[in-house]
Protein chains: 2
Amino acid sequence: MVDIATRVYNHKWKIDPIVRSLIDTDFYKLLMCQSVFRNRRHTQVTFSLINRTTRIPLAHLIDEGELREQLDHIRTLRLKRGESTWMRGNTFYGKRQMFTPEFMDWFENLQLPPYHLERIGDQYELTFEGLWPEVMLWEIPALAVLMELRSRAVLAHMGKFELQVLYARAMTKLWEKVDRLRAIDGLRIADFGTRRRHSFLWQDWAVQAMSEGLGDAFTGTSNCLIAKNRDLEAIGTNAHELPMVYAALADSDADLARAPYDVLSDWHEEHSGNLRIILPDTYGTEGFLAHAPDWLTQWTGIRIDSGDPAKGAEIAIAWWKSRGEDPREKLVIFSDGLDVDKIEELHAQFAGRVRVSFGWGTLLTNDFRGLVPDDALAPFSLVCKAVSANGRPTVKLSDNPEKAMGPEDEIARYKRVFGVGEQERVEVVV
Amino acid sequence: MVDIATRVYNHKWKIDPIVRSLIDTDFYKLLMCQSVFRNRRHTQVTFSLINRTTRIPLAHLIDEGELREQLDHIRTLRLKRGESTWMRGNTFYGKRQMFTPEFMDWFENLQLPPYHLERIGDQYELTFEGLWPEVMLWEIPALAVLMELRSRAVLAHMGKFELQVLYARAMTKLWEKVDRLRAIDGLRIADFGTRRRHSFLWQDWAVQAMSEGLGDAFTGTSNCLIAKNRDLEAIGTNAHELPMVYAALADSDADLARAPYDVLSDWHEEHSGNLRIILPDTYGTEGFLAHAPDWLTQWTGIRIDSGDPAKGAEIAIAWWKSRGEDPREKLVIFSDGLDVDKIEELHAQFAGRVRVSFGWGTLLTNDFRGLVPDDALAPFSLVCKAVSANGRPTVKLSDNPEKAMGPEDEIARYKRVFGVGEQERVEVVV
C-alpha cells in the first residue's frame, strides 16, 4: 500500500510522473488503436482538449512549464518489455493473442507525436495532429495530466497532516460507497475512471479498495497498467472516436449514414464475445438501432453513455425484442456519470430483465467533493476528442445535446442524415 | 509519515515491537524515578496491573505467549546512546541537566526487573516486585503492551483495505477534534496518552497531527521517545505513586498525615518553576489543601486528576485566594478523562481566572469508539499501580470513590487520618 499523503507531500514529478507508462491508458484505446492500425492507419486526425467546465480556469491554476514537463515526459515513454509481455501473453476476456504481432511490433517502437499547447485566456488549447493510431493514444494521458496537475495545484498549499486527513476522508468516503455496493446482489462493476482521475496513485488505491471490498463483483479496470500491476482483468470495448472519424471520412450522405455500421462491421471481424458491445449513441440511439443491420442484433450487448440511462436501456430492450432476441441474454453496460445512487437505481430496475454491468468512472476515481474549501477538488468535465479527420470536421450528437460537438452546419447535416429530432437535455456533471 | 495500515497489516512484532525504547515512557516517570533514586531507592515495592473494565476479557483476547514475548522484549532494552544524550543534553522547561550524572549512570545500566504473569480466568495477573526505582519503570510499558496487544488482536481479523479505512476514519475523527481545538483562543494542551494508547504508531501520528494542527497551542508530549524523535517538548510533573508509597511507609498516623507533604518537600528541593505542580487528590483534595504548608502556595499550579474537574479547580482557586495568592498567576492542569467537549467547557469556565492547561490522554491516543463492530476497539480502564511498599499495602482514595484502591480497613484508616467524608461518584470511562 502506498501512503498517498506522503507521496503527494513529497511530490517531485521525476519521482511520481503523472503518466508513468504507455499502458497507463484505457484498454479500449489499445483495442481501438489496433483496429485503426489495421483499417485506417493513414488517416490524418486532430485531437483537441476541451474543458467543458469553463468556470475552472485551468491556465490560471496550472503552470504552463509544469504542464509541458509532464507532456514532454509522456513523449519519452516507450513500451517496456514487461508491458509488451503482458499485452502479448495475457488473456483478455478469455482470449489469448488479442493483439497481433504486427500491432505489437508497431507499438513497441511507438513514440507519441508532438503536441501543440497555447494559453488562451484562462484556458489551455492543447491539440495533437498526425496519424490516427498515434494521435489517438494522447487522449487518456493528456486528460489524466490536466486533471492531476489541477489536483496537485490545489494540494500544494496544504500541510502534511492536512493532506493525510484529506486522503483519510476520501478513503472513508469511497469505502462507504463500496459498503453500499456490496449490498447489491449480483452486481457487476468495473473501473472506468482513468481519464478524469484525481491522480494515478488515487486510482490505484480506489481499484484495490474495490477489489478487496467487492470481490468478484468487481470485474476489473479499464486501466492497463493497474490491471497488470494488480493482476486484474483489463476491461473495455470501443468508443465514439471510431464512428466520429469514420463519419467525417464519408464522401456522401449515404456513406455517412452507413459509417457507424462500417465501424462495427470492422470490429465484428476482429472481435467476438464480450468485446461485441454496441455504442449506439454517437448520432442518436433510436435511429442507430432502427436502421441497424440484423447481424448487430447478435452482438453481446450495448453500452449506454449519454442521455437518460434508463430510457436508453428500455430502447435497447424494445429493439432486441422487436428483432426476436431475448434481452435477458443481453448485456447492458451503463457508463455515464454514475454514482452509487444511480447504480442502485439502475440495478434495481434492470437486473433480471437484462444482464446489467457498470463502468464506473469519475465518481469512483475523483470524488473529492466537499473535502476542501470552495470544493476546489471537485471533478469537472474535461474531454479530448477527435475534431477533424483528413481535414474534415468531426461531429458527435449523442443522446444529450449538452454533449454535442462539431460545427453548427455539420451538426444540422448529421441530424438530418441520422434523423435525430428533439432531444432531452441532461446536465453534464463529469 | 508512516502508513499505519500497512504496518499493522504486516505486523511482526520483531519489526514493530510495542515498546521500542526505555524512554518510550512518560517524562514524569523519569523525573519521579530520579527523585525516588535519590530519596528512597532501597524501598521494596510491588506494582500490579488491574483491568478496571472487567467486561474486557484480556486473557481471552490476548495470547499469553505473545504477551510474554513483548514483556521479555522490554527486558532486553537498554538506554541507547542517543537517548542518553537527549536526556543529558536537552532543555526541559528551559532548564538543562534536569537529570543528574549519578542518575544517568544508573539509568544507562538499567535492565527492567522480572515480571510475574499468571492467567486468572479471563484476566491476567501481572505483577512486578523489586526496588522502587526499577519496578516503577514497568508501569507505562506494561500498560502500553496490554493496550496494544488488545488492539492487534482485534485488527488481526481485518483486511488490508478495511484496515486502511479504519485508520482513515480514526484520522478524520482526530482531525475533527483538532479543528475544534484550534478554535479555542489561548488553548494550551499536551499529549498525556502514552499508557492507554491504541498503539505506538498511532500515538506518534496523533502527536504530529496535534503539532501541525495546533502549532504553539500544542505544548508537547509526555512521551519521551516521541518528544525526542519529533523534536517536541517532553511534558510532565509527578503522580500518585509518590504519596502512595511514602504513605505506606509511614510508621504512625502522624507520619501518614505528613507523608503527602514530605513527597512535595523532596520535590521542592529538586525542581522549580513548571515542575512544581501539586497533585492534591491522592487522599482528597480538600483536606490536602486545607492542611498544606505555606510554602506549597508558592508552587506554580495544581493538577486536577479525579472527581468533578470544575469543582476541583474552584477548590484550588478558593484555596489560593484564602492564602493571599492571585489565582490568575496559577496554573491549573486538567488531566482526567478529557475529550473536546470537556476541554471547551473547562476552558470557557476558567480561562482568565487561572492559567489553564490540559493533559489530554486516552481520548487523544485511543479514540476508536464507533469504528468497528461491537466497539471492540473502544478504550478501557487499565491501570498499573504500586500495591505495596516494604510489605505494607498502599492506599489511594482520590476525589472519586470509583478510583479508590487498597484494603478496606486501610482505606477506612486513611479516610480517618485525612478527614475524607462523603465523596461524589464519577463514572470512570478511561
From the residues B:387, B:351, B:407, which one has its Cα farthest along the dipole of segment B:347-430 in the positive direction, the dipole being from +1 and -1 charges on Cβ of Lys/Arg and Asp/Glu about the Cα centre?
-> B:351
Tell me, what is the percent relative contact order of chain A, built from C-alpha pairs under 8 Å that lie six or more residues apart?
-> 21 percent
Dividing the alpha-carbon radius of gyration of segment B:4-417 by 2.2 N^0.38 Å, where N counts its residues, gives 0.95
Could you name the lysines whose alpha carbon sits less than 17 Å from that of residue A:330, not counting residues in the same chain fewer than 8 places away?
-> A:311, A:321
Using only Cα atoms, what is the ratio of the radius of gyration of segment B:285-389 to 2.2 N^0.38 Å?
-> 1.29
Of the candidates A:121, A:33, A:19, the farthest towards the positive dipole end of chain A (Lys/Arg Cβ +1, Asp/Glu Cβ -1, centred on the Cα centre) is A:19
Once you average over the residues of B:25-31, how many Cβ atoms of partner chains fall within 10 Å of each Cβ?
-> 0
Restricted to chain A, the DSSP antiparallel beta bridge percent, nearest 5, is 55 percent
Formal net charge of residues neighbouring residue A:125 (Cβ-Cβ distance under 9 Å; K, R +1; D, E -1) | 0
Report, in debye and to the nearest 20, how large the dipole of segment A:4-418 comes out about its Cα centre when Lys and Arg carry +1 and Asp and Glu carry -1 on their Cβ.
-> 700 debye
Along the charge dipole of chain B, which of B:257, B:363, B:203 sits closest to the positive end, that is, farthest toward it, with unit charges on the beta carbon of Lys, Arg, Asp and Glu (+1, +1, -1, -1)?
-> B:203
Copies of residue B:122 compared via label points 7 Å along Cα→Cβ give distances in nm, shortest first, of 6.2
Out of A:85, A:365, A:300, any idea which swings most in a Gaussian network model of chain A, alpha carbons joined below 10 Å?
-> A:85
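With only Lys, Arg, Asp and Glu charged, each at its Cβ (+1 for the first two, -1 for the last two), find how big the charge dipole of segment B:226-329 is about the Cα centre; round to the nearest 20 debye.
360 debye
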Over all Cα pairs of the protein assembly as shown, how is the pair count split among 20 Å bins, expressed in % and running from 0 up to the last occupied bin?
-> 14, 37, 24, 18, 7, 0
Note down the magnitude of the dipole of the protein assembly as shown about its Cα centre, charges +1 on Lys and Arg C-beta and -1 on Asp and Glu C-beta and zero elsewhere, to the nearest 20 debye.
-> 1180 debye
Residue A:318 label points, 7 Å along Cα→Cβ, one per copy: pairwise distances from this copy to the rest in nm, shortest first?
-> 8.4
Compute the separation of the alpha-carbon centres of segment B:243-303 and segment B:350-429 and state it in Å as a whole number.
-> 18 Å
Span-rule helices in chain A, defined as complete DSSP H runs reaching 30 Å or more along the axis (Cα) with Kyte mean at least -1.0 = A:160-182
Other-copy label distances relative to residue A:345, 7 angstrom Cα-Cβ extension, nm | 4.4
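Read-outs: derived from the displayed coordinates by stated rules, not from any lab. Being a predicted model, the structure only gives us computed values, none of them experimental. Here the Cβ is made from the backbone with ideal geometry for all residues, glycine too, and neighbour counts use every protein chain on show.
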